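Undergrad: Dropping the structure in here first, questions after.
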Amino acid sequence: MKFKVGLFIFLLLLVGIIITLNIFFQQNYQAEMAAQFNQQQLMIAKTIASSIKTTLKHLEEETRALARLLAFRGLQKNGLPKFISDAFVALIEDIGMNMFVLDEKGAPLFSTKGASFNEDYHRLFEVTRRLKPGAVYFSDNIAGAGQIRLATPIRKEGRFIGSVIVGINMDDLTRKYFYPIKSGKRGYAWMMDSTGTLIYHPTEPEMIGRNIFKANESCYKCHKSFKTEKQILEAKDVGFSTYIAPQGEDKLVAFSKIKISHLSWIICVSIPYSEITASIKNSMRLHSLLVLSIFLATVIGAFVVVVINRERVKAEEKARYMDKIRDYAEELENTVQERTKELKSEKEKLDAIVSSIEAGICTFDEHQRPVWMNRVMHKWLSEERLKDFALSNIHGESSLMNAVCGAIVDNRLIQEVAYLNFGNKQGYFQIAATPLHTPDGQCQILVLIQDVTEMKKAEEQLMQSEKLTALARLSAGVAHEIGNPLTSISSYVQILRDMDFDNFTKDALDTIAKHITRIATIVRQMSSFAKTKAEEIKPFKVKELINSTVDLVKYDNRTKKIEIDVDVPEDLPEITVDGNQMVQVFMNLILNAADAMPEGGRLTIAGRSLNGEIEIAFKDTGQGIDKEYIDRIFDPFFTTKDRGTGLGLAVSYSIVRSFDGNIIVESTPGEGSVFSVRLPAHEA
Ligand SMILES: Nc1ncnc2c1ncn2[C@@H]1O[C@H](COP(=O)(O)OP(=O)(O)O)[C@@H](O)[C@H]1O
Ligand SMILES: [Mg+2]
């Protein structure tokens, strides 16, 4: 900004200087032009002066010559006019002129046409009397007669015999020499004599004859003073001066003096100063225009140069900048390449980790649509489920999904365990959801789904084992405390029954004995928990164990209405178990099946080998198990039967577990249940 203001002031100053210089130049040029013009005027003045002088000198010579000729000839009248006109004809025609030839007494012997002799001429005649031969007297009675007159005596052998007088009309003279003169357009020539009397003036003829030293008011109308004229009078032969007018125009004056005999005239040529200035004004205007154009061109040129230069400087700067940027870009590219490499290896590591994880990983966008999922997830999802797979429909239970989706809003990690069905895979899964902020500001949700079915089962089994262990400890005590008195009661009842009582007492004793048997059964079953160790563990053929169990239950009333199919291959690998305990397990399962089919049905006992395990499935066509009970049937004392103990399955489970086996239940209410006992196959 400061620079711009400075530049503006500098330009203003420059324009000022140029204008001032131009004015000086113009004034100087005007003065120069005036001086030159005056020189020209001076030339004109000199030319006029010299012409007039030559004319008068010639006339003087002619007059003198005529006088001399007439002296020779004599003044006899005969043939006189012809003689004179022969000598003077050219002059007569050239300038308007009167001529008189007078005799010794002053009587005119000859005169030019129209010329009237008067007193003035006579006075001149008198002057000639005293003149030496050849002398010519000049008279300039301009104010009076408007003529210049030359007079010379005619003397014959020294005797005065007459005189020649020539009069030249000033009008004619000036017409010849002054009229053609024009200085510029309005300039003119005028003449005064050495006394300051005006002899000729083209524009003020009435002032002719007036003297500057005797100026009156009328003279001062046009003249401020006659200082210039006076200076001219005092000056030498030639020169120039300036005339300052009181009103109107100043003038330039150049002058030249003529001296003939005693006469001294001054020819002046003058021109209005304004005419000179006018003549140069145009060129000055052009000059100013030229100067201004040059200045403007210079400024514009400079501006253009500055602009171009600036552009060039900018371009250079840009080029430098671009070079720098290129360097930076290279550096950046190298860095990016390095980082990319690092990232790539990191990504490879991550990919390896992700692909090695046996869990489903999936990211969902804010509309809960899947964005990406890993290999495991793809494997789990059936084609049908994959089509409309979304975060919201992973699980049917909306409260669980709300919690998962809430992770996006709350920005927290949630973990839930639920039973899920992906089509190709189902079971218990732990869902962990956490929000994921992408670099472009979007919020996604990352869901990690881990299969925890086995873990849950193990947990359940553990819980079951813990329950059974606690029960075993309790049972040991209870069986002992109840068992002993019960044996004693049973013995007494037995004795009493053998005694002879009335019918009522006999019936009562029978009922007591029946209930004791029932209590004894419970105590026995309870005590089987207490037996932590099996008596004899060895390999058994499954078929043999099943057959001996079926033989035993045949005698139970409950199995009367059902058909039992045994389908166990002979060559099925053996199982390493305690035979009695295993029979007890099988018996429990068969009796339960029989209980489930009170109106009769079919029980199929099938054995098969499965991945190094032996599976013995007890499939009945009974009433099945309600969904709400299925988790509890292995609990001790859980029963749905009026006279059930709820211990059968609990004991069986405890036995099978002790041989590293498992019991799996599948049941459809109304159709039937399958209890599958799995035990490790005996390795021979
Ligand atoms: N084959 C089966 N069909 C239907 N329900 C069964 C079957 N096996 C067991 N249950 C259910 O499991 C419960 C527990 O069985 P258990 O432990 O043997 O006790 P209890 O037989 O004394 O009731 C039974 O009351 C019954 O409801
Ligand atoms: Mg039972």
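Undergrad: Based on the Cβ-Cβ distance from residue 157 to residue 230, what FRET efficiency comes out when R0 is 45 Å, to the nearest 0.05?
TA: For R0 = 45 Å, the calculated efficiency reads 0.35.
Undergrad: Now, a different point. Nothing charged except the Cβ atoms of Lys and Arg (+1) and of Asp and Glu (-1): what's the magnitude of the dipole of segment 228-335 about its Cα centre? Round to the nearest 20 debye.
TA: Approximately 620 debye in magnitude.
Undergrad: Turning to a different aspect of this structure: How many Å² of accessible area per residue for the chain, probe 1.4 Å?
TA: Accessible area per residue: 59 Å².
Undergrad: To continue, here is another question. What size of dipole, in debye to the nearest 20, comes out for the chain about its Cα centre when the only charges are +1 on Lys and Arg C-beta atoms and -1 on Asp and Glu C-beta atoms?
TA: It works out to roughly 9080 debye.
Undergrad: On the first, second and third principal axes, largest extent first, how far apart are the outermost C-alpha atoms of segment 533-680 in Å?
TA: In descending order, the Cα extents are 37, 29, 28 Å.
Undergrad: If you don't mind, there's one more thing I want to ask. Given a Förster radius of 25 Å and the C-beta distance between residue 323 and residue 3 as r, what FRET efficiency does 1/(1 + (r/R0)^6) yield to the nearest 0.05?
TA: Here the calculated transfer efficiency is 0.30.
Undergrad: What residues from segment 582-626 fall in the zone where the backbone N is under 14 Å from a label point 7 Å along the Cα-to-C-beta line of residue 551?
TA: 583
Undergrad: Another question about this same structure. What's the carbon and sulfur percent of the chain's accessible surface, probe 1.4 angstrom, rounded to a whole number?
TA: 55 percent
Undergrad: Please compute the length gained on full extension between residue 630 and residue 288, using 0.36 nm multiplied by the number of residues separating them and subtracting their Cα-Cα distance.
TA: 111.2 nm
Undergrad: Once you have the Cα-Cα distance between residue 176 and residue 683, take 0.36 nm times their residue separation minus that, and quote the gain in nm to one decimal.
TA: Length gained between residue 176 and residue 683: 165.6 nm.
Undergrad: Whole Å is fine, so just give me how far the alpha carbon centre of segment 312-363 lies from that of segment 166-236.
TA: 107 Å
Undergrad: Gain in length, residue 118 to residue 599, computed as 0.36 nm per residue apart minus the alpha-carbon separation, to one decimal in nm?
TA: Here the answer is 153.2 nm.
Undergrad: Defining a contact as two alpha carbons under 8 Å apart and six or more residues distant in sequence, what relative contact order in percent does segment 533-680 show?
TA: Rounded, it is 23 percent for segment 533-680.
Undergrad: Ordered by packing density, taken as the mean number of other Cβ atoms within 10 Å over each peptide's residues, highest first, how do 610-617, 307-314 rank?
TA: Ranked by mean Cβ neighbours within 10 Å, highest first: 610-617, 307-314.
Undergrad: Ok, one more. For a quick check: with amide H placed at 1.01 Å from N, whose amide H comes under 5 Å from residue 141's, ignoring anything fewer than 5 positions away on the same chain?
TA: Those lying under 5 Å, H to H, from residue 141 are 147, 149.
Undergrad: For residue 172, what accessible surface area do you get with a 1.4 Å probe? Give it in Å², rounded to 10.
TA: The accessible area comes out at roughly 30 Å².
Undergrad: Which whole-number percentage describes the relative contact order of segment 357-451, with Cα contacts under 8 Å and a sequence gap of 6 or more?
TA: 31 percent
Undergrad: Right, another one. Hey, can you rank 433-444, 621-632 by average C-beta count inside 10 Å, highest first?
TA: Highest mean packing first, the order is 621-632, 433-444.
The values are calculated or read from the model by the stated rules, or taken from the named source; none is laboratory data. Note that the coordinates shown come from a computational prediction; the quantities given were computed from them, not determined experimentally. Note that we place each Cβ from the backbone using ideal geometry, even for glycine, and neighbour counts take in every protein chain shown. What goes into the accessible areas is simple: the full protein's heavy atoms, side chains included, and nothing from ligands, DNA or RNA. Shrake-Rupley method; radii C 1.70, N 1.55, O 1.52, S 1.80 Å.
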